[in-house]
There are 2 protein chains.
Amino acid sequence: MSDRIEIFEVGPRDGLQNERQILSTADKLALIEGLNASGLTKIEAGAFVRSDRVPQMADSESLHSRLKANGFRGDAYYLVPNMNGLERAVSVGVKQIAVFTAVSDSFNRKNIGMSVRESLSLIREMTESARREGIRVRGYVSTVFGCPFEGRITAHQALPVIEELLSLPVEQVSIGDTIGVASALGVEEVIKPLVSGGSVPGIAVHFHDTRGTALANALRAFQLGVRTFDSSIGGLGGCPFAPGASGNLATEDLVYFFKEMKVETGVDYQSLCETSLSLLGKMQGRIPSSRALQAYQANCEKNSVWDS
Amino acid sequence: MSDRIEIFEVGPRDGLQNERQILSTADKLALIEGLNASGLTKIEAGAFVRSDRVPQMADSESLHSRLKANGFRGDAYYLVPNMNGLERAVSVGVKQIAVFTAVSDSFNRKNIGMSVRESLSLIREMTESARREGIRVRGYVSTVFGCPFEGRITAHQALPVIEELLSLPVEQVSIGDTIGVASALGVEEVIKPLVSGGSVPGIAVHFHDTRGTALANALRAFQLGVRTFDSSIGGLGGCPFAPGASGNLATEDLVYFFKEMKVETGVDYQSLCETSLSLLGKMQGRIPSSRALQAYQANCEKNSVWDS
């Protein structure tokens, strides 16, 4: 097995969008550039969504313009829910977008007001427009393992949606455990058929650590051949429900985990932790949900041995 | 692979010994009986150590007498550091003890004032005495993956100590990641040679979740054939360094994890969570470090679907 993985950083969008505090554009720029300096190259930076509904992302146009002006060397992705969002992205020269659907209709309707089938048609249209503009498209599928409204989701339900998205001109499909209920067994049930079908190079996994299982799920996905993992700096976002509780898998936990597995991530762990601490310093009362970062911060147990 | 595991519950001893607050004997009894009622049969209940140094365990004689008087149906284990501790255990009719050593001399000297070699001689003597008394013995090896004083520990260093302990009349040896630095790769390096050597039925693993890797390590150990896992109710103990930070792997996380893997643990998850919440209610300011319990407690995302 290849001993190199790629981490897709979702903190500045998926993370910050789900935090109460709104970061300034300058703070976001510092964060994104800090993440890139630590070795992360693919970063979800913002979203072209309605600013009255998602004020955290209202500055995505100016953010992208400033990233370009600063000579940003990474790939900045922007979430785009519809053709209007795509037009906004095009207007400021965005080169990578992310589109999304879900396995469960109830979630999709609450999230974007349309059925899964309707959203797949829309995505088909968006990917065609994006291709004409020379824009790369990443696809997300939410609620692959469970839905907050419909309960458990089976691989039998999830695979057709994933496969349909894979059949469109997208560079990658990210398989999302939106509410953190995936198990290593569930991961196997979804990933194995995709491996047999030859789809794995185009697959990423997006785990939430709500019940502490994200790294075990990442291990299982890695063993099955997955080589792209989504995560969020500081564990930001993903609807944590208590101080210290976890939503999104923290990038620090993921990088620490693979570093100790001797799998190359391209990320400098100390630099990443310092970027995270600097960010969390700007977010009042935000307790880091990353256990690796907590250990790094406590400088316990001769951290230098494990953290360098 | 067998789809049944056994969980060895260490909370009432390893957990409570490392908590500031001292629980009353009555509270400990309620805890131990609650754990047993939820399906846990092997429970580390106390320790025959110096009560001036470890006041949390000062009531182990009366605790055991009361457990017996109540007709406790589980196997209560007591940590015993020396012949004096063994005599105290015998005097109240204890039937299971735990003995311990470490891979690293520095840790062992700080912990019990003797070298690893000296402690192995003492353990040999204790196991022989215990056998004459009809007492079963469990052995612990600490610092298998890393030592707070010596840094990284290799499998090459750890295996001779584990193998020597396995050669004594012990029913099981528990392999301890004392400071939570094991990786899935490190687990493989230690467990694989033991599997080849035929030792696995006598092996347990004892992971700490300090850096969030405990369940991934448990998955790797399970894949390699290990079927006994140590954990601590509520994640008690294991030297957490911040509110919400984690030391010992929480029993709730472990039970949730295997339940979702469709591996039988014999434990009722809801009953376990209720026992844990009842315990934590008695411990002022103790934030549960178990992520599964946090999710259970928040009753988020239609918990009933996943927690029943």
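Side notes on the structure shown:
- Estimated buried accessible area (total), pair B and A, 1.4 Å, Å² to nearest 100: 4100 Å²
- The slack in the chain from B:S167 to B:T41, taken as 0.36 nm per residue of separation less the alpha-carbon distance, amounts to 42.8 nm.
- Across region A:3-301, Cα pairs under 8 Å and at least six residues apart give a relative contact order of 19 percent.
- Using the alpha-carbon positions of region B:1-96, Rg (one decimal) and Dmax (whole number) come out as 13.2, 46 Å.
- Within 10 Å of each Cβ in B:247-258, the average number of Cβ atoms from other chains: 2
- Once divided by 2.2 N^0.38 Å, the Cα radius of gyration of region A:35-147 becomes 1.09.
- Computed with a 1.4 Å probe on the full set of protein chains, the accessible area for B:C147 sits at about 0 Å².
- Label 7 Å beyond Cα on the Cβ vector: B:R50 copy-to-copy distances, nm: 6.9
- Computed with the Debye formula from one identical point scatterer per Cα of region A:3-301, without solvent, the log10 of I(q)/I(0) at q = 0.14 Å⁻¹ comes to -1.01.
- Here r is the Cβ-Cβ distance between B:V200 and A:S106 and R0 is 41 Å; the resulting FRET efficiency, rounded to 0.05, is 0.35.
- Shielding by other protein chains, B:202-215, mean Cβ within 10 Å: 5
- Two-site FRET efficiency, A:Q157 against B:S129, from Cβ-Cβ distance with R₀ of 45 Å, rounded to 0.05: 0.15
- Distance between the pseudo-spin-label points of B:R53 and B:R117 (7 Å out from Cα toward the beta carbon): 2.2 nm.
- List B:S62, B:S231, ordered by accessible area with a 1.4 Å probe, largest first: B:S62, B:S231
- For A:S278, the point set 7 Å out from Cα toward Cβ sits 5.0 nm from its twins in the other copies, listed from shortest up.
- Checking every one of the trypsin sites (Lys or Arg not before Pro) in region B:52-91 against DSSP loop status and a limit of 11 other Cβ atoms within 10 Å picks out B:R53, B:R73.
- Mean residue ellipticity, 222 nm, helices only, chain B: the sum of -39500 (n - 2.57) across DSSP H runs of n ≥ 4, divided by residue count and rounded to 500, is -12500 deg cm²/dmol.
- In order along region B:14-29, the Karplus-derived 3J(HN,Hα) couplings, from 6.51 cos²θ - 1.76 cosθ + 1.60 at θ = phi - 60°, round to 4, x, 4, 4, 9, 9, 5, 6, 9, 7, 5, 4, 4, 5, 5, 4 Hz, and Gly and Pro are given as x.
- Over all pairs of different C-alpha atoms in the protein assembly as shown, the reciprocal of the mean inverse distance, the Kirkwood hydrodynamic radius, equals 25.1 Å.
- Separation of alpha-carbon centers, region B:100-132 and region A:1-41, rounded to whole Å: 48 Å
- Antiparallel beta bridges, as assigned by DSSP with both residues in chain B, represent about 10 percent of the total such bridges.
- Solvent-accessible area, 1.4 Å probe, carbon plus sulfur percent, for region B:1-158: 45 percent
- Karplus-derived HN-Hα couplings along region A:183-196 (A = 6.51, B = -1.76, C = 1.60, θ = phi - 60°), whole Hz, x at Gly and Pro: 10, 4, 5, x, 4, 4, 5, 8, 6, 4, x, 5, 5, 4
- Along region A:281-287 the Karplus relation, 6.51 cos²θ - 1.76 cosθ + 1.60 evaluated at θ = phi - 60°, assigns HN-Hα couplings of x, 8, 10, 4, x, 7, 7 Hz to successive residues, with x for each Gly and Pro.
- Sparsely packed loop sites in region A:183-289 (the trypsin sites (Lys or Arg not before Pro) outside DSSP H, G, I, E and B with at most 13 other Cβ atoms within 10 Å) comprise A:K262, A:K282.
- Three-way shape call for region A:1-44 based on the alpha-carbon gyration tensor, with the a/c threshold at 1.5: oblate
- Label distances, nm, A:A26 versus same residue in remaining copies, Cβ-directed 7 Å point: 6.0
- Cβ-derived FRET efficiency at R0 35 Å, B:E274 paired with A:L277, nearest 0.05: 0.40
The values are calculated or read from the model by the stated rules, or taken from the named source; none is laboratory data. Just so you know, these numbers come straight off a predicted model, no measurement behind them. FYI the Cβ positions are ideal-geometry reconstructions off the backbone, even for glycines, and counts take in every protein chain you see. Only protein heavy atoms, including side chains, enter the accessible area calculation; ligands, DNA and RNA are left aside. Shrake-Rupley method; radii C 1.70, N 1.55, O 1.52, S 1.80 Å.
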